[in-house]
1. What do you reckon, is residue 125 under 30 Å from residue 586 (Cα atoms) and not polar (S, T, N, Q)?
2. On the phi < 0 side of the Ramachandran plot, of a type in the set (S, T, N, Q) and under 30 Å from the mean Cα position of the chain (by Cα): is that true of residue 234 in this structure?
3. Which members of the range 591-606 meet the condition of being buried (at least 17 other Cβ atoms within 10 Å of the Cβ) and either at pLDDT below 95 or among the acidic types (Asp, Glu) (or both)?
4. Can you find a residue in the range 408-416 that is buried (at least 24 other Cβ atoms within 10 Å of the Cβ) and either more than 24 Å from the chain's Cα centre (by Cα) or under 29 Å from residue 612 (Cα atoms) (or both)?
5. Could we say that residue 139 is outside the structural domain of residue 193 (by TED's automatic domain parsing), surrounded by fewer than 24 Cβ atoms within 10 Å (Cβ to Cβ) and either among the aromatic types (Phe, Trp, Tyr) or modelled with pLDDT of 95 or more (or both) here?
6. Scan the range 366-414 for residues that are under 21 Å from residue 106 (Cβ atoms) and either in contact with a His (Cβ under 8 Å, 6 or more places away or on another chain) or polar (S, T, N, Q) (or both) and report the count.
7. Mind checking whether some residue in the range 80-101 is of a type in the set (Phe, Trp, Tyr), in contact (Cβ under 8 Å) with a residue 60 or more places away in the chain and not in a helix (DSSP H, G or I)?
8. Out of the range 1-30, which residues are assigned to a loop (DSSP other than H, G, I, E, B), out of contact with any helix residue (DSSP H, G or I) (no Cβ under 9 Å at 6 or more places or on another chain) and either within 10 Å of the ligand (Cβ to nearest atom) or at pLDDT 95 or above (or both)?
Amino acid sequence: MTLTRTTCPYCGVGCGVLAGADGTIKGDPDHPANFGRLCSKGAALGETIDLDGRLLHPKVNGVRTNWDSALDLVASNFSAAIAEHGPESVAFYASGQLLTEDYYVANKLMKGFIGAANMDTNSRLCMASSVAGHKRAFGTDTVPGTYRDLEEADLIVLVGSNLAWCHPVLYQRIAAAKEARPNMRIVNIDPRRTATSDLADLHLSIAPDGDVALFNGLLAHLAEAGRIDANYATAHVNGLAEAVTTAKDTDVADTGLNAPELAAFFDLWARTDKVVTVYSQGVNQSQSGTDKVNAILNCHLATGRIGKPGCGPFSVTGQPNAMGGREVGGLANMLANHLDIADPDHRAAVQAFWDSPTICTTPGLKAVDLFAACAAGKIKALWIMSTNPAVSLPDSDGVAAAIANVPFVVTSDMLEATDTNDLAHVLLPAAGWGEKDGTVTNSERRISRQRAFLETPGEARADWRIISDVAARMGFADAFAYRKPADIFAEYVALDAALSAFPRDLDLSIFADADYANLIPTQWPQDDKRFFADGQFYHPDGKARMVPVTSPALSQPRFALNTGRNRDQWHTMTRTGKSARLGAHLAEPYLEINPCDAVELGAGPGAILKVESPFGSALLRALITDRAPQGQLFAPMHWTRQRTTSGTINSLTAPDVDPVSGQPALKSGGVTATVFGAT
Ligand code: SF4
């Protein structure tokens, strides 16, 4: 059996995979992300490539049609909406499952040819707060960390990240490094005690949204202990004094931690030079997400613990290609190639390169606002690509109603029956993992190839081709005359070269003469170049910014609902749900609840609890565990309406967002819980 070198389609670790059409799956020993390792999800990929449930033909209003008719209908409806209501009346909602080439083409069509910026993505749920925090601190959305830094660090601080389940191969690499270097210390900051906590020397069960208070407390401690690197800060950082003053005013009681716990963490951080702070959705998915990110970055900038081996802040992405989407500008507040919509010179340069008739001039609608605009009747044509917002967005019942309110809805998806597809007028069959070709970028900026090793089933087509075919029918044939993904990648790299006059971190010059077919996994700007090693950042004066941030007012609901992932499932289970082996881990929806809370509610083991919020309700089996702190509940978000009749988790979550990043808060919403059937 010939094995094809490709990349795992799940998390942002971006592991290399050797895959065969017979379902053979092996870790790629030569891939620098995983060196042959795979987690349970990656190892089971071969069990998920059957055609059960696949959308194999275009459909209009539930009736099979041919591609030409479907594409004509999509193009004519989008064109009509734009002509009658303006470019802001149409929207794309994309996915971190899209390949970079797909993202590039969709972004180009929306921003350069339709002339609006209403293209957002489920990556808004993943890392938007990190993007916003990076831009405030560094002047660009730069992720400076690499996986090797984790192995070289003396202290790894894992904040709001259950790495053991959500980025398992990275966790394996850290565990191996800790075994090899017993002096390495790990701190896990998470309200829950998770599988990740089991590796930690110190687990801090922080109060929900206590992160700003914790890192402000750390900054104040560093200042008081004389651990600020004044020489570094003077030369390379603005805002130190203001940030420290604000930090000193912070009440560390907001962390919910006791004095010995705080002292242990502060002291360990202060006396360890090589510190990496890894953060994920517990930081990002919060109404104070961007401030949390900057509170973390402030500590690294104040001490010069950035730009050196084994040092720095490190945001790890959830989606396999969240980073690729960021690179090409596939978010409503970005232009392309790390340029800004707000800058007229940036807009002119991108428009000139694309030779496009127009260019967006203002940011578009971010995910939650986009669906609110659908509910308000402002969006007349909506195209949802490779994602299921009717389940995955907060207030999912409200989002489903909003989609149903749009006069013309298109989805392009692998699957036929999803909660979102059920609301669409046109279904376009998209090629899936193993069938499509392109590139993805992982959390350490490494671009790898996804390669096809399966026949494309039925009439399914690659996303980039579907988008290009619609663009051609909207009158833009010349600009979208791509014949293969390599053409798009080459254009993307050429655009980057054309933008070289603008100071940016993104630099794709290493790919200028790349052999696309045989592209080996490569980091930009180039393997082993370390961002910020020279102390230069991307604000006009070359300095970084420390942002003074204040701890948010914390609410005290009876129960705070935390949501997240299981070890063996991926998002709405469209792929992992096919594997009986993976399903055996945790087979049904559940609710983690502390034993004291269970006693108070009168809930015994296996009791069914009714959880309610102002947005909906769900019935969930109690999993009584002291891993859940008192007053806090946890539920995984994987089960769709089609997999459970008891209510989806996001029917409970509120559409509250971080005001800077627009990222939804999915970790601490207020709910009530009662034993179902109790009188
Ligand atoms: Fe796939 Fe992530 Fe597991 Fe690697 S760690 S095999 S990328 S799910």
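1. Numbers: under 30 Å from residue 586 (Cα atoms): yes; not polar (S, T, N, Q): yes.
Considered against the rule, which asks whether it is under 30 Å from residue 586 (Cα atoms) and not polar (S, T, N, Q), residue 125 comes out as yes.
2. On the way: on the phi < 0 side of the Ramachandran plot: yes; of a type in the set (S, T, N, Q): yes; under 30 Å from the mean Cα position of the chain (by Cα): no.
Taking the combined requirement at face value, the residue does not satisfy it.
3. Those that are buried (at least 17 other Cβ atoms within 10 Å of the Cβ) and either at pLDDT below 95 or among the acidic types (Asp, Glu) (or both): 592, 597.
4. Within the range 408-416, none of the residues are buried (at least 24 other Cβ atoms within 10 Å of the Cβ) and either more than 24 Å from the chain's Cα centre (by Cα) or under 29 Å from residue 612 (Cα atoms) (or both).
5. Working: outside the structural domain of residue 193 (by TED's automatic domain parsing): no; surrounded by fewer than 24 Cβ atoms within 10 Å (Cβ to Cβ): yes; either among the aromatic types (Phe, Trp, Tyr) or modelled with pLDDT of 95 or more (or both): yes.
When the stated conditions are applied, residue 139 does not pass them.
6. Here the count works out to 10.
7. Keep residues of the range 80-101 that are of a type in the set (Phe, Trp, Tyr), which gives 92-93.
Next, from what is left, pick out any that are in contact (Cβ under 8 Å) with a residue 60 or more places away in the chain: 92-93.
Right, trim to not in a helix (DSSP H, G or I) and you get 92-93.
Scanning the range 80-101, I find at least one residue that is of a type in the set (Phe, Trp, Tyr), in contact (Cβ under 8 Å) with a residue 60 or more places away in the chain and not in a helix (DSSP H, G or I), so the answer is yes.
8. Filtering the range 1-30 for residues assigned to a loop (DSSP other than H, G, I, E, B) gives 1-3, 8-15, 20-24, 28-30.
Narrowing further to those that are out of contact with any helix residue (DSSP H, G or I) (no Cβ under 9 Å at 6 or more places or on another chain): 1-3, 21, 28-30.
Hits for the range 1-30 are 3, 21, 28, 29, 30.
The values are calculated or read from the model by the stated rules, or taken from the named source; none is laboratory data. Values in this document were obtained by computation on a predicted structure and should not be read as measured data. Here Cβ is always computed from backbone atoms with ideal geometry, including for glycine, and neighbour counts include all displayed protein chains.
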